[in-house]
Amino acid sequence: QVQLVESGGGLVQAGGSLRLSCAASGRTFSNYAMGWFRQAPGKVREFVGRIIWSGGSTYYTDSVKGRFTISRDNAKNLVYLQMNSLKPEGTAVYSCAAGPMAEGYKYWGQGTQVAVSS
């Protein structure tokens, strides 16, 4: 079975940085997309960005473009979300997700809380 476990959330001041990690286990992920999502209080979940495991191609939603970076460590099966220049509206529960590229995000982590103070 595939398991995803996020870590690294916490409280940070606006303008600060935080790096989230997603530990993936249970299989090889060579044909997978690994995504990051967030859900703020009272709002729907939104897509943040994703990385294609094979090759490392990334894509980001406009609101985080230029500030967030997704990367992965192939040997450790880790996916990272580096968040710089954080804004208060970035306060949310951040979750990682994974799935075969043709099938979408089938597996989800438990989420980690990020709070950005103004």
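The values are calculated or read from the model by the stated rules, or taken from the named source; none is laboratory data. Since the model is a prediction, treat every value here as computed from it, not as a measurement. Cβ placement follows ideal geometry from the backbone for every residue including glycine, while neighbour counts extend to all protein chains displayed. Calculation scope for accessible area: heavy atoms of the full protein, side chains included, ligands and nucleic acids excluded. Shrake-Rupley method; radii C 1.70, N 1.55, O 1.52, S 1.80 Å.
Where the only charges are on Cβ atoms (+1 Lys, Arg; -1 Asp, Glu), what is the dipole of the chain about its Cα centre, to the nearest 20 debye?
Approximately 40 debye in magnitude.
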message = Around Tyr60, under 11 Å between beta carbons, what's the net of Lys plus Arg minus Asp minus Glu among the other residues?
response = +2
remark   = Here, Ser57 and Ser118, labelled 7 Å along Cα→Cβ, have an inter-label distance in nm of 3.8
request  = Name the residues whose placed amide hydrogens come within less than 5 Å of the amide hydrogen of Val48, ignoring near sequence neighbours (fewer than 5 apart) on the same chain.
outcome  = Trp36, Phe37, Arg38
query = When the accessible area of the chain is computed with all protein chains present and a 1.4 Å probe, what percentage of it is carbon and sulfur?
reply = 47
key: ³J(HN,Hα) computed for each position of region 103-111 - Karplus, 6.51 cos²θ - 1.76 cosθ + 1.60, integer Hz, glycine/proline x   = 10, x, 8, 8, 10, 9, x, 7, x
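Once fully extended, how much extra length lies between Gln1 and Ala14, figured as 0.36 nm per residue of separation less the alpha-carbon to alpha-carbon distance?
0.9 nm
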ask   = For region 52-61, in order, what is each residue's ³J(HN,Hα) by Karplus, 6.51 cos²θ - 1.76 cosθ + 1.60 with θ = phi - 60°, in whole Hz (x at glycine and Pro)?
value = 7, 4, 7, x, x, 5, 10, 8, 9, 6
request  = Mind checking the per residue accessible area of the chain for me, 1.4 Å probe, whole number of Å²?
outcome  = 51
note = Burial-style ranking of 90-97, 77-84, 9-16, average other-beta-carbon count within 10 Å with highest first, yields 90-97, 77-84, 9-16
